[in-house]
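Student: Structure incoming, see below.
What follows is calculated from the coordinates using simple rules that are stated; it is not laboratory data. All values reported here derive from a predicted model rather than from experimental measurement. Methodologically, a virtual Cβ is constructed for each residue, glycine included, from the backbone with ideal geometry; neighbour enumeration extends over all protein chains shown.
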Amino acid sequence: MKLKISVLITFALLLITDGVFAQSFKVVVNSSNSVTALTKKEASDLFLKKKSKWTDGNAVSPVDLSSSSKVREEFSQQVLGKSISAVRNFWQQAAFSGTASAPTEKSSDEEVIEFIKKNPGGIGYVSSSANTSGVKTVSIN
């Protein structure tokens with residue numbers, strides 16, 4: 001009986017962490033953006049500038065936290081499926097080939113929120129405890 005309970009608890013924890021992220025971060029967009037949810041692939045494509053326009057025609061303006069941020073580390077692993085160094089290499093190659101430049105970096109949740117408020121096409125991520133009033137939080141499925 002103890003084994004069954006242990007297996008059920010383990011399964012429940014796997015479902016929670018795999019399907020709904022450990023929620024150490026929130027993805028945010030400008031409050032005028034009609035998007036309410038994104039898949040991991042869609043979010044990754046937006047942050048890696050593989051998709052350059054929102055459905056309303058606004059240019060996508062991703063913003064990152066600094067590379068020393070634990071929130072960035074978790075976001076990069078969980079959404080982009082890459083380490084921060086792999087993402088940095090991706091942007092170095094893109095810059096070298098002239099195809100794209102890395103997103104703007106901000107040093108705090110508050111700076112990310114302000115960037116998103118001022119940019120209709122903005123998308124970023126902040127810690128799960130950040131005050132996100134003035135922007136819209138989107139779910140990642």
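Student: In terms of the ratio Rg/(2.2 N^0.38 Å) built on C-alpha atoms, what value belongs to segment 24-140?
Tutor: 0.97
Student: Any chance you could run the full-extension gain for residue 102 through residue 55? It's 0.36 nm times the residue separation minus the Cα-Cα distance, nm to one decimal.
Tutor: Taking 0.36 nm per residue and subtracting the Cα distance, the gain is 14.7 nm.
Student: Between residue 93 and residue 24, with labels modelled 7 Å along Cα→Cβ, what's the label distance in nm to one decimal, could you check?
Tutor: Here the modelled spin labels are 2.5 nm apart.
Student: Mind checking which aspartates and glutamates have their C-alpha under 15 Å from residue 106, skipping anything on the same chain fewer than 8 residues away?
Tutor: Cross-link targets: 64, 73, 114.
Student: Still on this model: Quick one: which of 53/82; 49/82; 53/136; 40/117; 41/117 span more than 20 angstrom between C-alpha atoms?
Tutor: On the way: 53/82 23 Å; 49/82 15 Å; 53/136 18 Å; 40/117 23 Å; 41/117 24 Å.
Exceeds cut-off: 53/82; 40/117; 41/117.
Student: Could you compute the net charge surrounding residue 82? Neighbours are other residues with a C-beta less than 15 Å from the C-beta of residue 82; K and R count +1, D and E count -1.
Tutor: Taking every Cβ under 15 Å from that of residue 82, the sum is +2.
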